Structures are given as C-alpha cells and as structure tokens.
1. Mind checking the full-extension length gain between ILE195 and SER116? Use 0.36 nm per residue of separation minus the Cα-Cα distance, one decimal, nm.
2. If I take R0 = 22 Å and measure r between the Cβ atoms of ASP205 and ALA125 in this structure, what FRET efficiency does the formula 1/(1 + (r/R0)^6) give, to the nearest 0.05?
3. By counting other Cβ atoms within 10 Å of each Cβ, how are ASP82, ASP100, ASP26 ranked from fewest to most?
4. For SER177, SER201, SER32, SER61, what's the fewest-to-most ordering of other Cβ within 10 Å of each Cβ?
5. About the Cα centre of the chain, what is the dipole size in debye to 20, counting +1 per Lys and Arg Cβ and -1 per Asp and Glu Cβ, all else neutral?
6. Under a plain spin-label model, where a point goes 7 Å from the Cα along Cα-to-Cβ, how far apart in nm are THR65 and GLU187?
7. Return the distance in nm (one decimal) between the two label points of a simple spin-label model at ASP150 and ARG163, each offset 7 Å from Cα along Cα→Cβ.
8. Name the residues whose placed amide hydrogens come within less than 5 Å of the amide hydrogen of ILE87, ignoring near sequence neighbours (fewer than 5 apart) on the same chain.
Amino acid sequence: MARDNSPQVRQRQQLERKQGRRASYDRILIVSEGSKTEPLYFNEIRKTFRLHTANVEVRPSELGTAPIQVVQYARDLFQYGDRHKNIQPGAFEQVYAVFDRDDHDSYFDALKLAESLDGTMRNDAKQRVKFCAIASIPSFELWLLLHYEDIKAPLHRDEALKRLKQHIPGYEKGAGSAFVTTYQRLEIAIQRAHILSERHSAYNDPEPYTGVVELVELLINLRQ
C-alpha cells in the first residue's frame, strides 16, 4: 500500500515527534497582556535554563490587553488551540494569564474568571488543568523594581517605571534582556515579592503586589 505523504499527515507526524521529545515536566501555557515585555522576559528564562520548547509556550493576548481579554484568550487558546501556531487543543497541564492592575476596569473580573477556570477544564490527557492569574499591582515593572528596591507602599505605574529607569538606564518596555540584566539580584527580588504576598493579595489594590514571582520560580525549578 502506498505511503500517505499528504501535508496533513506530515504535520501530524511532526507534532507527534515533537510531543514525544518533550521533557517530563508539565506543559505550560503563558499568555501575557504585553506583546513584548513579558513574552521577552519569560522567553529569556526559558532559553537561559534550556527549558524544552515543547513544554513552555509564551504568547501575547490576541483578543486585547484588558485583563479580562487576557484571561479569555488564555482560556480559548487552551481549549481550541491554534494550528497556525502548532498549538493543539488541551495541550497543557498549567495555564497562566499575566496582566497588570494599571487602571483597567476589568481587572477584578479577570481575577474571578481565572479562579472559576482553575481545575474545571481537562487537557488532552483528561487531567484537570491549573489555571492561574499572575497579576501585578501596579504593573510588571514592580517585579523588576523589587530587584533594586524594597517596595512597601503603593505607587503608580509611572512612578514604578521612572524609578526602574534609575537602576536600569535606558530601560524601555519591550526592549528585551530584562531577565539577564536583573538576574544577579533575583534572589532578593524573590524574597521581597514573597513578603509582599504575605501582606497583600492581587485583590488588595492599591497595595503593591506581584504574582510574577510564582511563575518565575516555577520556570526556574523546571531546569534540568
């Protein structure tokens, strides 16, 4: 019988080979509000620690930058996949939606939607999937600023960015290399972020808070 070498068969075989080569740890989907800053940062971590590309997928939201849209896109990308991005439906064990408080009207609705999705969806292995909102108050830059300052009081996102630029001259959102630049101070940032988490949660606006530490530690602990 002639071998079926159609494009569809070749694509399926390539996917099967890719999935067969993936590492033993959970497959993780990260969807971010920002189209550059956060994806570049998390991809830097992935490359630095040589995390398997079949296990860690980082994508910006394509529905919009409002928190509720980030969560909805993460949900939809998990449920339906995207053949143009070689993402199959249900192909993850953990899903993370990364967004900022800023002045977004849908911020609290996004937190509640993420909570409602946690453990309610099943992946392609019929396992319940972790779905988690990774929020920052006021913004992702707070996480970077914690590498240099022990932030304890509320601050506006513009102030966070201004102070960060004092420590990283020339820093601009989406410029890249943020992880490499701040890496030597990572441990102290982790400690400071955990202290903030003990005092506040993502719901305690305007108190400073960042869940980014949870995702950073997860990725770093995946290294082989």
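What follows draws every value from the coordinates through simple rules; no lab data is involved. Keep in mind it's a predicted model, so treat the numbers as computed, not measured. Quick reminder, even Gly has a Cβ in these numbers, built from the backbone with ideal geometry, and neighbours come from all protein chains shown.
1. Values: separation 79, 0.36 × 79 = 28.44 nm, distance 2.64 nm.
Full extension from ILE195 to SER116 adds 25.8 nm.
2. Working: r = 37 Å, r/R0 = 1.68.
It comes out at approximately 0.05.
3. On the way: ASP82 13, ASP100 25, ASP26 16.
Going from least to most buried by this count: ASP82, ASP26, ASP100.
4. Working: SER177 12, SER201 15, SER32 27, SER61 23.
By the 10 Å Cβ count, ascending, the order reads SER177, SER201, SER61, SER32.
5. Values: 32 positive and 31 negative charges, 267 e Å.
With Lys and Arg at +1 and Asp and Glu at -1, about 1280 debye.
6. Rounded to a tenth, the inter-label distance reads 3.6 nm.
7. Going from the ASP150 label point to the ARG163 one covers 1.3 nm.
8. The list, which skips near neighbours in sequence, is ASP82.
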